[in-house]
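Every read-out reported here was derived from the displayed coordinates using simple, explicitly stated rules and does not represent laboratory data. Keep in mind the model is a prediction, meaning the values are calculated, not measured. Every residue, glycine among them, receives a Cβ derived from its backbone with ideal geometry; neighbour counts consider all protein chains shown.
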Amino acid sequence: MELLSRQQPPRVVAADTLPDDVLGPLTRPRAPLAGLPGDRTAVMGILNVTPDSFSDGGRHAAPEVAIAAARAMAAAGADIIDIGAESTRPRAAPVDLATERARLGAVVPGLAGLNWSIDTRKAAVMADAIDAGAALVNDVSALGHDADALALVASRGCPVVLMHAQGEPATMQDAPRYADALLDVYDWLAARIDACVAAGIARDRIIADPGIGFGKDLSHNLALLRGLTLFHGLGVPLLLGASRKQLIARIAGDVAPDDRLPGSLALALHAAACGVQVVRVHDVAETVQALAIWRAAQG
């Protein structure tokens, strides 16, 4: 499905003139999944049990601290808690399977009763998490890092987030290049969704994430943000993870990750205005409040 031509500028057209194969994916209601609300932008709280994540690395290394943080996010209004034990920040080194499993194994039992997802690239960790009650798999490699991941998710029927990334975390910020960032990322996600559907994953179990900051410079990230509504043409729910990311400092000044709350809220509200179904954030209470006021003001 081609929504935009690479040779011609976009133009405004009346909705009733669009063919069904274009209009359907844009307007069809998204099926509820992973316990997320279908009538508003959902909030996914970030819980990193890593020593080296770019914003909160080391803060939740103690299992009891991580569990308390997860429960606090749920109490503050998070619709789902996304737990990860391998940092995928720029320049991060890979984490071996045993280490990732050990970090999660100490925390996951304490998540009983919460709606949570697993942020991992490894099929074995996905399987462990699904067995332990994870409602969603969130993979920054779109099930492409581990050769067993695609079949695992297909066989379990678990909902999955497919995120776009260019390159591996250790090198992804080394001069990333695109012919057209918006269209290249769209086409890549469309192809990846088709591959997952062909492998047996139901399209209505897939969420797409354009991958802000993953192998993209500021101009690429801004192109994705400005064209965010295009991704509804994929016909699946959308997730945006831009909380505390470096693009905020690139625009607003050299502010540390902990001081990027205003920028993070601005990005979350932009996502909501663009109809994004899920925002992935560090500051749950603040984001929940901002979205509630925005919704009320919108009527």
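Normalised by the residues of the chain, what does the relative contact order come to in percent, with Cα pairs under 8 Å and at least six apart?
19 percent
Say R0 is 41 Å: what FRET efficiency, to the nearest 0.05, do Ala68 and Gln298 get from their beta-carbon distance?
0.75
Hey, what number do you get for the chain at 222 nm if only DSSP H runs of n ≥ 4 count, each worth -39500 (n - 2.57), divided across all residues, to the nearest 500?
It comes out at -11000 deg cm²/dmol, rounded to the nearest 500.
Kindly state, to the nearest 0.05, the FRET efficiency for Val197 paired with Asp20, given R0 = 25 Å and r defined as their beta-carbon distance.
Calculated transfer efficiency: 0.85.
For the chain, take the longest principal axis of its alpha carbons; what is the angle in degrees between that and the long axis of helix 123-132, to the nearest 10 within 0 to 90?
For 123-132 against the chain, the angle is about 70 degrees.
Please get the size of the charge dipole for region 37-298, origin at its Cα centre, with Cβ charges of +1 on Lys and Arg and -1 on Asp and Glu, quoted in debye to the nearest 20.
In debye, rounded to 20, region 37-298 gives about 360.
Take every DSSP beta bridge whose two residues both sit in region 84-226, then give the antiparallel share in percent to the nearest 5.
Percentage antiparallel, nearest 5: 0.
Could you give the angle, 0 to 90 degrees to the nearest 10, between helix 284-298's Cα long axis and the longest principal axis of the Cα atoms of the chain?
30 degrees
Using only the Cα atoms, what convex hull volume per residue in Å³ does region 37-298 have?
Cα convex hull per residue, to the nearest whole number: 117 Å³.
Starting from the Cα of Ile251, step 7 Å along the direction of its Cβ; do the same at Ala132; then give the gap between the two resulting points in nm.
So the label points at Ile251 and Ala132 sit 3.5 nm apart.
To the nearest 10 degrees, how steep is helix 63-75 against the longest Cα principal axis of the chain, on a 0 to 90 scale?
40 degrees
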